[in-house]
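Notes follow once the structure below has been shown.
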Amino acid sequence: MRKRLIGVISILLLMITQVGFAQDFWKNHQINLNEKGTNYIKLTGLVQTWVRNMEYNPGSTVFGYAKNSGTDIGIRRYRVQLYAQVTDNVFFYSQFGENNFNSISDRKTGFFVHDAYGEYAVDKTKFSIGAGLSGWSGLTRFSSPAVGSILGIDAPIFLQSTNDVTDQFLRKLSVYAKGKLGKLDYRLALAQPMAIQKSANFNAATALTTTTAFSAEPPKIQWNGYVQYQFLDQEGNLTPYNTGTYLGKKRVFNVGAGFVFQKDALWHLSDAADPNSIVRENMAHYAVDVFYDAPVGKKGAAISCYGTFVNYDFGNKYYRNAAIMNPANGTTNTNLLNGSGNGFPMYGSGTVLYAQIGYKFKDNLMGKTTLMPYASVQHANYDRLYDTMNYYDVGVNWLLAGHNSKLTVSYQNRPLYTANGDLTDHMGALVAQYQVFLN
């Protein structure tokens, strides 16, 4: 697969060096297939590099060696996107890349397909249908974020409810429909969940217990839906990925609602002593959200706000840790719920309030660059935890060339819980990211 991709990219690069293609490509990063430019091939790329200094969860180990803090460097994301508007009605999209590559990752194995789908427009605006591996998902706006334009240093990952458990970093094998009916933007997808046995944390030796977990039985179809009413400027829906902030280039105000539902997605035992006392539970998530992103004044300043309320139902007292680009791979602390490194209970059955806000200062604040500070909080009441879960992220973007070149520095604060679900402490991390985005 990697050799084929390199071959395709090599051919495209050879084409764009030819006189007939060079002007179009360097202007729009695309090769026009007709004189009007309505049919085209487009190539984009993204890299996000992180440098972090953080406190590790108590008991963390790196290949068996104890470590309580450290500095690390890693590739948070690397992407190559290929768009092809083959005809006026036929669209093809594919995305390749890598996530979370750091010094303890397996080498030369992380490059994989993120998206690969085809789409047919029955009506160019109102109704398109497609199929394949894609991010056309349900629940909220940022369940499918456009990572090159996110406001903060990272997307609100908790909104990707089955991230890498029964999907591939939020992408799902699905058949979907999408379109716009006036100012109402909609998407609906029927997805086939991926086998839990192939997820990174699955352990075949772990017996079914009274603790709720994703079922190892062949999964049933998962339903996804999300609609948003776009009151002001209309947003595009060429791909499933929603812009994080327009940096004052649009005036957007949207209100949305969505869901994800899968019958018998989870299971547990009602009686620990009886292996046949299996209880199957549906996965049912519902959410509402609001997004406002607009210029302020006439000098390039802008504001960006997003808020969502999510009701997560993964079954009785379900929780799941997440550790973004985890710098540790083991723990000796069996009384800690969080696990190793920077893990914390990001997901769980219960309710979540999330909010983020950012303010972009005027253009040319510092030479030809400007700043955009931001803050976000995930406030969750999970059934498994006795205390509220609060995760904070506060930082500033130095916009060297908009989203195409930006340096972001943030402070993140995560909670620690005992195995019983009691809050015991908080840990901090200082993270710097440099992003280069060719779009």
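The values are calculated or read from the model by the stated rules, or taken from the named source; none is laboratory data. Small disclaimer: the values here were computed from a predicted structure and weren't measured. Don't worry about glycine lacking a Cβ; one is built from the backbone with ideal geometry, like all the others, and counts go over all protein chains shown.
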Can you tell me which residue among Gly258, Gly339 is modelled with pLDDT of 95 or more, within 23 Å of the chain's Cα centre (by Cα) and not in a strand (DSSP E or B)? Gly339
Pairs, first aromatic (Phe, Trp, Tyr) in the range 29-54, second part of a strand (DSSP E or B) and modelled with pLDDT under 95, C-beta under 8 Å, six or more apart: Tyr40/Gln30; Tyr40/Ile31; Tyr40/Asn32
Give the residues of the range 103-126 that are out of contact with any Leu (no Cβ under 8 Å at 6 or more places or on another chain), of a type outside the set (A, V, I, L, M, F, W, C) and farther than 25 Å from Val80 by Cβ, sorted by residue number. Asp123, Lys124, Thr125
As an exercise: evaluate Tyr65 against (1) over 28 Å from the mean Cα position of the chain (by Cα); (2) surrounded by 14 or more Cβ atoms within 10 Å (Cβ to Cβ); (3) at pLDDT 95 or above and give the number of the one condition it does not meet. (2)
Given (1) within 13 Å of the chain's Cα centre (by Cα); (2) crowded, with 19+ Cβ neighbours inside 10 Å; (3) closer than 24 Å to Ala131 by Cα, number of the condition Ala189 does not satisfy: (1)
Quick one: is Asn404 in contact (Cβ under 8 Å) with a residue 12 or more places away in the chain, of a type in the set (S, T, N, Q), over 18 Å from Gly348 (Cα atoms) and exposed (fewer than 15 other Cβ atoms within 10 Å of the Cβ)? yes
Only one of Ala401, Ala380, Ala375 is in the same structural domain as Asp289 (by TED's automatic domain parsing) and more than 30 Å from Val310 (Cα to Cα), namely Ala401
Note on the range 125-174: residues closer than 21 Å to Val255 by Cβ and not in a loop (DSSP other than H, G, I, E, B) are Arg141, Phe142, Ser143, Pro145, Ser149, Phe158, Leu159
I'm told Gly70 meets every condition in (1) surrounded by fewer than 19 Cβ atoms within 10 Å (Cβ to Cβ); (2) under 25 Å from Pro145 (Cα atoms) except one. Can you identify the failing condition by its number? (2)
So, Ser128, is that one in contact (Cβ under 8 Å) with a residue 60 or more places away in the chain and surrounded by 15 or more Cβ atoms within 10 Å (Cβ to Cβ) or not? no
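Results for (1) within 29 Å of Leu247 (Cα to Cα); (2) not basic (Lys, Arg), shown as yes or no for each residue.
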residue	(1), (2)
Val288	yes, yes
Thr308	yes, yes
Tyr312	no, yes
Lys317	no, no
In the list Arg141, Arg79, which residue meets the criterion of being assigned by TED's automatic domain parsing to the domain that holds Val396, within 29 Å of Asn32 (Cβ to Cβ), surrounded by 17 or more Cβ atoms within 10 Å (Cβ to Cβ) and basic (Lys, Arg)? Arg79
Look at Ser174 and say whether it is crowded, with 22+ Cβ neighbours inside 10 Å and farther than 29 Å from Asn404 by Cβ. yes
Of these, Thr109, Thr71, Thr49, which one is more than 22 Å from the chain's Cα centre (by Cα), of a type in the set (Ser, Thr, Tyr) and at negative phi? Thr71
